[in-house]
Amino acid sequence: MNNTSIFLAFITLLSFNFSIAQNQDKDRPNVVLVFIDDEGYGDVGVYGATGFETPNIDQLAAKGTRFTNYYSAQPVCSASRAGILTGCYPNRIGFSGALFPRHEIGLNKDELTIAEMFKEQDYKTACFGKWHLGWQKEFLPLQHGFDEFVGLPYSNDMWPHDSATGEHLSAEKNRAQFPDLPIIEGNETIAYVKSLKDQDKLTTLYTEKAVDFIDRNASEPFFLYVPHTMAHIPLGVSDKFKGKSEQGLYGDVMMEIDWSVGEIDKALKRNGVADNTIFIFTTDNGPWLNYGNHAGSSGGLREGKTTSWEGGQRVPFIIRWPQILQKGLFLINWLVR
């Protein structure tokens with residue numbers, strides 16, 4: 001099974017329910033997709049995480065459906081994002097790895113994204129987080145169906161700083177050739193990530209933007225895509241979670257991501273739209289094991305990110321849809337041929 005299968009089934013089912021909603025004059029469901037970076041199969045409580053807790057994500061699973069055999073389209077950032085947003089196998093649309101600032105390519109304008117499909121149904125759409133499908137204006141989210149975007153154009157380690165110390169690198173270091181890491185709003189750069197302290201702010205930034213988007217658009221259908229920068233290295237976490245987990249910094253990061261899921265869910269409930277929202281939580285690939293305790297856990301699966309072993313592509317996938325899906329269900333397989 002792969003995410004293309006899931007989303008083809010998802011879109012088909014959603015389209016069917018659009019027809020019902022339009023015919024019976026009922027509300028169309030909102031969709032929230034939270035997409036974590038480099039989180040392993042064993043990095044959520046209900047999947048066996050140790051050293052930290054994820055109560056909000058666990059509650060999402062308890063009230064929804066947890067997949068135990070879900071695979072990302074590829075075990076690397078850009079390709080898996082291309083797959084989940086288009087429903088296509090990444091290689092078929094030109095993605096087989098991760099894009100870097102030196103690349104002058106991105107998601108082709110002729111590819112149909114989920115956001116564009118929702119726009120055709122008069123949904124409000126937003127992306128808050130890491131894009132990584134091309135940094136030039138023609139490739140950014142606003143050109144692919146999103147009304148709003150705040151986030152990074154690519155991975156947070158693609159900057160001219162040491163990812164352990166945050167020190168600006170001298171000219172002879174390879175990483176020093178990267179440009180300053182921009183934070184983009186819409187199509188324009190509004191700030192730069194210049195230190196590890198700036199990295200610490202990213203999860204909170206995306207969460208606040210997501211909550212504000214829900215508050216402003218709760219009266220009409222919306223699609224909210226939150227592709228968190230974390231838990232990609234260099235790890236960043238706000239003071240409210242720093243030092244809180246037994247695992248260490250990675251556990252702190254996962255606790256803040258869990259908090260983010262909880263804040264988004266609170267916004268849905270506060271606005272009275274939680275029961276009419278499809279809430280999806282998953283990750284782009286397995287853990288980047290090269291980074292030791294700054295990496296996640298594959299939950300006992302073999303290998304991790306950049307490999308096609310189980311640990312590289314088998315990842316958590318949780319979906320809650322109160323009006324449709326049975327509570328507390330877990331699926332071993334869902335295969336669409």
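The values are calculated or read from the model by the stated rules, or taken from the named source; none is laboratory data. Computed from a prediction, not measured in an experiment: that's the story for all the values here. So basically every Cβ, Gly included, is an ideal-geometry build from the backbone, and we count neighbours across all protein chains shown. Note: accessible area is taken over every heavy atom of the protein model, side chains too, but ligands, DNA and RNA are not part of it. Shrake-Rupley method; radii C 1.70, N 1.55, O 1.52, S 1.80 Å.
Tabulated results
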read-out: Hits in the range 301-316 (condition: in contact with a Gly (Cβ under 7 Å, 6 or more places away or on another chain), more than 24 Å from Ala164 (Cβ to Cβ) and surrounded by fewer than 20 Cβ atoms within 10 Å (Cβ to Cβ)); value: Leu301, Arg302
read-out: Residue within the range 172-182 that is under 21 Å from the mean Cα position of the chain (by Cα) and open to solvent by less than 50 Å² (accessible area, probe 1.4 Å) present; value: yes
read-out: Answer from Thr165, Thr204 - the residue that is under 17 Å from Thr229 (Cα atoms), surrounded by fewer than 21 Cβ atoms within 10 Å (Cβ to Cβ) and polar (S, T, N, Q); value: Thr204
read-out: Long-range neighbours under 6 Å by Cβ, at least six apart or interchain, first residue farther than 7 Å from Gly286 by Cβ within the range 300-311, second assigned to a loop (DSSP other than H, G, I, E, B) and of a type in the set (Phe, Trp, Tyr); value: Leu301/Tyr41; Arg302/Trp309; Glu303/Trp309
read-out: All positions within the range 112-127 that are in contact with a Lys or Arg (Cβ under 9 Å, 6 or more places away or on another chain), open to solvent by 20 Å² or more (accessible area, probe 1.4 Å) and in a loop (DSSP other than H, G, I, E, B); value: Gln121, Asp122
read-out: Selection within the range 270-291 - in contact with a helix residue (DSSP H, G or I) (Cβ under 9 Å, 6 or more places away or on another chain) and either among the basic types (Lys, Arg) or free of Cβ contacts under 8 Å to residues at least 24 places away in the same chain (or both); value: Arg270, Leu289
read-out: Positions within the range 209-224 being open to solvent by 50 Å² or more (accessible area, probe 1.4 Å) and within 16 Å of Lys130 (Cβ to Cβ), in sequence order; value: Lys209
read-out: Lys109 of a type in the set (Lys, Arg), assigned to a loop (DSSP other than H, G, I, E, B) and open to solvent by 20 Å² or more (accessible area, probe 1.4 Å); value: yes
read-out: Number of positions in the range 1-60 that are modelled with pLDDT of 90 or more, over 25 Å from Leu235 (Cβ atoms) and open to solvent by 50 Å² or more (accessible area, probe 1.4 Å); value: 1
read-out: Residue list for the range 45-67, filter: touching a helix residue (DSSP H, G or I) at 6+ places or on another chain (Cβ under 8 Å), assigned to a loop (DSSP other than H, G, I, E, B) and at negative phi; value: Ala49, Phe52, Glu53, Thr54
read-out: Gly145, sole failed condition from (1) open to solvent by 10 Å² or more (accessible area, probe 1.4 Å); (2) on the phi < 0 side of the Ramachandran plot; value: (2)
read-out: Subset of the range 62-72 (residues that are open to solvent by 10 Å² or more (accessible area, probe 1.4 Å) and more than 23 Å from Leu289 (Cα to Cα)); value: Ala62, Lys63, Arg66
read-out: Residue tally, condition open to solvent by less than 30 Å² (accessible area, probe 1.4 Å), of a type in the set (Ser, Thr, Tyr) and in a loop (DSSP other than H, G, I, E, B), over the range 73-106; value: 0
read-out: Any hit, the range 167-182, residues being touching a residue at least 12 places away in the same chain (Cβ under 8 Å) and hydroxyl-bearing (Ser, Thr, Tyr); value: no
